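The values are calculated or read from the model by the stated rules, or taken from the named source; none is laboratory data. Everything quoted here is computed from the prediction, not taken from an experiment. Here the Cβ positions follow ideal geometry from the backbone for every residue, glycine too, while neighbour counts run over all protein chains shown.
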Amino acid sequence: MGPALAVKAVVGDRFSVIGFGLAQIAIDIEPLFGIICGWDVLHGRTHSVIGATAIGLAVTSVTPRIARSLLMWWNELLGDSDMHSFASPTRVSWPAAASGALLGVWSHVLLDGVMHADLLPFWPWSGARPLLGALSPVALHLACIASGLAGVAAWFWRGWRRRRRALRCRS
């Protein structure tokens, strides 16, 4: 989720972090079943560009409804804590849902392609694994954590600025 928080900090409402998160869950259903069933290949067809795109489009179709409910709950929670300046719009546009979901699945394939030898990103055209081993798992995880921290810091900074502006306007 780290890269999603960084993207959100840059592009704002044109990107849905919820769509990104739902895509992360949806794409990993195949490996979950693989672990449960003892499959030899955990990162199969869903972890290819074609499979990931299909999952991303499916997630795009449900993101606005799910996001609305989650964001209403989130905003209520923030309001109860007197943190209104951190609230988010409850309407997620279709382009934002698509950018979140598609970037979610494509980045998932990219990042998993660095670590998992059973992943064939260009199936059915190629058995190449061009990203495998490009970074160490530690470096990959640290980059994700760093991007997430940067995104959270930007979110807090913007909320703090909105709160300061609101307080100035009241006085």
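Count, please, the residues in region 58-77 that happen to be surrounded by fewer than 16 Cβ atoms within 10 Å (Cβ to Cβ), of a type in the set (A, V, I, L, M, F, W, C) and either touching a Gly at 6+ places or on another chain (Cβ under 7 Å) or without any contact (Cβ under 8 Å) to a residue 12 or more places away in the chain (or both).
The qualifying residues number 2.
Looking for something in a helix (DSSP H, G or I) and in contact with a helix residue (DSSP H, G or I) (Cβ under 7 Å, 6 or more places away or on another chain) - is there at least one such residue anywhere in region 119-131? Write out each step before concluding.
Going residue by residue through region 119-131, those that are in a helix (DSSP H, G or I) are none.
Within region 119-131 (the criterion being in a helix (DSSP H, G or I) and in contact with a helix residue (DSSP H, G or I) (Cβ under 7 Å, 6 or more places away or on another chain)), the answer is no, since none of the residues qualifies.
Sort out which residues of region 10-21 are among the hydrophobic types (A, V, I, L, M, F, W, C) and either closer than 22 Å to residue 58 by Cα or surrounded by 21 or more Cβ atoms within 10 Å (Cβ to Cβ) (or both), and write them in order of number. Reasoning before the result, please.
Filtering region 10-21 down to residues among the hydrophobic types (A, V, I, L, M, F, W, C) leaves 10-11, 15, 17-18, 20.
Listed by number, the residues that qualify are 15, 17, 18, 20.
For region 89-111, does any single residue satisfy the condition of being touching a Lys or Arg at 6+ places or on another chain (Cβ under 6 Å), of a type in the set (A, V, I, L, M, F, W, C) and surrounded by 14 or more Cβ atoms within 10 Å (Cβ to Cβ)?
Residues of region 89-111 touching a Lys or Arg at 6+ places or on another chain (Cβ under 6 Å): 90, 96.
Next, only the ones that are of a type in the set (A, V, I, L, M, F, W, C) stay: 96.
When the remaining residues are screened for being surrounded by 14 or more Cβ atoms within 10 Å (Cβ to Cβ), the result is 96.
Checking region 89-111: at least one residue is touching a Lys or Arg at 6+ places or on another chain (Cβ under 6 Å), of a type in the set (A, V, I, L, M, F, W, C) and surrounded by 14 or more Cβ atoms within 10 Å (Cβ to Cβ).
Any residue in region 135-150 that is exposed (fewer than 14 other Cβ atoms within 10 Å of the Cβ), out of contact with any strand residue (DSSP E or B) (no Cβ under 9 Å at 6 or more places or on another chain) and not aliphatic (A, V, I, L, M)? Spell out the reasoning first.
Let us first name the residues in region 135-150 that are exposed (fewer than 14 other Cβ atoms within 10 Å of the Cβ), namely 136-139, 142, 145-146, 149.
Filter once more, keeping what is out of contact with any strand residue (DSSP E or B) (no Cβ under 9 Å at 6 or more places or on another chain): 136-139, 142, 145-146, 149.
From the residues that got through so far, the ones that are not aliphatic (A, V, I, L, M) too are 136-137.
Yes; the residues of region 135-150 include at least one that is exposed (fewer than 14 other Cβ atoms within 10 Å of the Cβ), out of contact with any strand residue (DSSP E or B) (no Cβ under 9 Å at 6 or more places or on another chain) and not aliphatic (A, V, I, L, M).
So that you can scan it fast, the table gives a plain yes or no per residue for (1) closer than 15 Å to residue 106 by Cβ; (2) modelled with pLDDT of 95 or more; (3) touching a helix residue (DSSP H, G or I) at 6+ places or on another chain (Cβ under 6 Å):
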| residue | (1), (2), (3) |
| --- | --- |
| 20 | yes, yes, yes |
| 32 | no, yes, no |
| 46 | yes, yes, yes |
| 74 | no, no, no |
| 80 | no, no, no |
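From the list 91, 129, 162, which residue is among the basic types (Lys, Arg) and in contact (Cβ under 8 Å) with a residue 40 or more places away in the chain? Steps first, please.
On the way: 91 fails: in contact (Cβ under 8 Å) with a residue 40 or more places away in the chain; 129 fails: in contact (Cβ under 8 Å) with a residue 40 or more places away in the chain.
Of the residues listed, the single one that is among the basic types (Lys, Arg) and in contact (Cβ under 8 Å) with a residue 40 or more places away in the chain is 162.
Testing residue 29 on (1) more than 18 Å from the chain's Cα centre (by Cα); (2) touching a residue at least 12 places away in the same chain (Cβ under 8 Å); (3) exposed (fewer than 14 other Cβ atoms within 10 Å of the Cβ), one condition comes back false. Which one is that?
Of everything listed in (1) more than 18 Å from the chain's Cα centre (by Cα); (2) touching a residue at least 12 places away in the same chain (Cβ under 8 Å); (3) exposed (fewer than 14 other Cβ atoms within 10 Å of the Cβ), residue 29 misses just condition (1).
Has region 52-74 got at least one residue that is of a type in the set (Val, Ile, Thr), more than 30 Å from residue 124 (Cα to Cα) and out of contact with any Lys or Arg (no Cβ under 7 Å at 6 or more places or on another chain)?
Taking region 52-74 and keeping what is of a type in the set (Val, Ile, Thr), we get 53, 55, 59-60, 62-63, 66.
Pick out the ones that are also more than 30 Å from residue 124 (Cα to Cα) and you get 66.
Next, from what is left, pick out any that are out of contact with any Lys or Arg (no Cβ under 7 Å at 6 or more places or on another chain): 66.
Yes, the conditions are met somewhere in region 52-74.
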